[in-house]
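Here's the structure we're looking at; comments come further down.
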Amino acid sequence: MRRVSTVARKPRRMSMVEYERRLAKVGASTERTPPFVEVTQKPGLRRLSIVDFDAYAHSSRNISRLLGRWDAHNQVSLVVIDGSLGSFAAKDTKELEAAYALYARVRAMKTPCVTMVDGLATAGGLGLVGKRSVASTDAWIPPFLDEDTFSEVPRLVDGGVGYRLSRASPKHARAALLGGRAVHGGALKLSGLVDHVVSAHAFKSLYYELDALAEDADPERLGDNIDSLLAIRSHVSSAWVEDEDDFDAFATLCFEPNDLPTIIKLLEASSDHPRANDALAAIRRYPGHAQLLATFVDRCALLSSSYEDCLKLEKILATNILLSSSSGDDHLHLHDDLESYFVV
């Protein structure tokens, strides 16, 4: 005969009836989801997952409006942005105005926003990085590399990448942008591209930890609690995050100077270093773009206090690279707006 326990079960955090009631209160059933994205809605938290990076650029305006509604809603205390299927990028670059308006929208969020960069991040991916970001040990693909074939092509600079690189030391910024290799692991943080890097295991559980914070934390302290959580997870993961020391040594060896001809000489003198050969191959194939990107890093460093100015400079540069690439001309002819930024 089965014995029936008389011990009272611990009540769940929230009953399903209460959960549905709270979702209805914040209008979950009436929000329209833009194409190419998935939205997860929980009490206090909204999660935006880009599921088709080939096409999501066409929805930039809709995504901007959605983020604006969340930012204005007093029942939304945390927004999480991530990718899916191992990709964090936007290949479509035809709607630059809408794309860069979206990057500015993410950066301006007053509601705490955490961008979880997972997989391969290329043009457009880092534009979705706001004031808080965390990456797994995956990679950012710089402009000289294509995320599908890893063949050298003159790609657009990433949304907001100039500002993020400007927060790092110039040598690390140059090594990330011109190094001819994907930037991954600890090098992502060292070059300023993301704020925190955690192990793959920690990354998988981080969303659920953020969800718990959004549900239980005092809204006025939520931002500080998120920062503490990300810092702790990053510190605990440090033993499993690689590439920081090797990347730092390479940047110190070849990218201390701020002029491209000297950098090329240092790379040639370090030809026994595998990274140096990759950087030389990329720079020699597209010397015009390499020179412009090197100057771009230096100018962004001068504008590092202003995200808006860095973004404006980047949009002008992206337009010029896009036009030159479509015409097959590697020697960029800068129009007046860009020339004014690049005059020493």
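The values are calculated or read from the model by the stated rules, or taken from the named source; none is laboratory data. Since we're looking at a predicted model, the values are computed, not measured. Here Cβ is always computed from backbone atoms with ideal geometry, including for glycine, and neighbour counts include all displayed protein chains.
Every condition in (1) at pLDDT 75 or above; (2) within 30 Å of residue 206 (Cβ to Cβ); (3) under 20 Å from the mean Cα position of the chain (by Cα) holds for residue 304 except the one numbered (1). Taking the criterion of being modelled with pLDDT under 90, part of a helix (DSSP H, G or I) and touching a His at 6+ places or on another chain (Cβ under 7 Å), no residue of segment 243-272 qualifies.
Hey, among 104, 168, which residue is touching a Leu at 6+ places or on another chain (Cβ under 7 Å), at pLDDT 85 or above, more than 29 Å from residue 66 (Cα to Cα) and surrounded by fewer than 24 Cβ atoms within 10 Å (Cβ to Cβ)? Before you say what the answer is, go through the steps one by one.
Numbers: 104 fails: more than 29 Å from residue 66 (Cα to Cα).
Just a single option satisfies the conditions, and that option is 168.
Here segment 190-216 is the region considered, the condition is being in contact with a strand residue (DSSP E or B) (Cβ under 8 Å, 6 or more places away or on another chain) and either farther than 30 Å from residue 170 by Cα or in a helix (DSSP H, G or I) (or both), and the residue that is modelled with the lowest pLDDT is 215. Screening the candidates 199, 205, 191 for the property of being of a type outside the set (Val, Ile, Thr) and crowded, with 21+ Cβ neighbours inside 10 Å yields one hit, 191.
Can you spot a residue in segment 279-287 that is among the small types (Gly, Ala, Ser), buried (at least 18 other Cβ atoms within 10 Å of the Cβ) and modelled with pLDDT of 90 or more? Yes, segment 279-287 has at least one match.
Answer yes if at least one residue in segment 230-237 is farther than 24 Å from residue 142 by Cβ and surrounded by 15 or more Cβ atoms within 10 Å (Cβ to Cβ), and no otherwise. Full working, then the answer.
Just the residues of segment 230-237 that are farther than 24 Å from residue 142 by Cβ, to begin with: 230-233, 235-236.
From what's left, surrounded by 15 or more Cβ atoms within 10 Å (Cβ to Cβ): 230, 233.
Yes, there is a match, as at least one residue in segment 230-237 is farther than 24 Å from residue 142 by Cβ and surrounded by 15 or more Cβ atoms within 10 Å (Cβ to Cβ).
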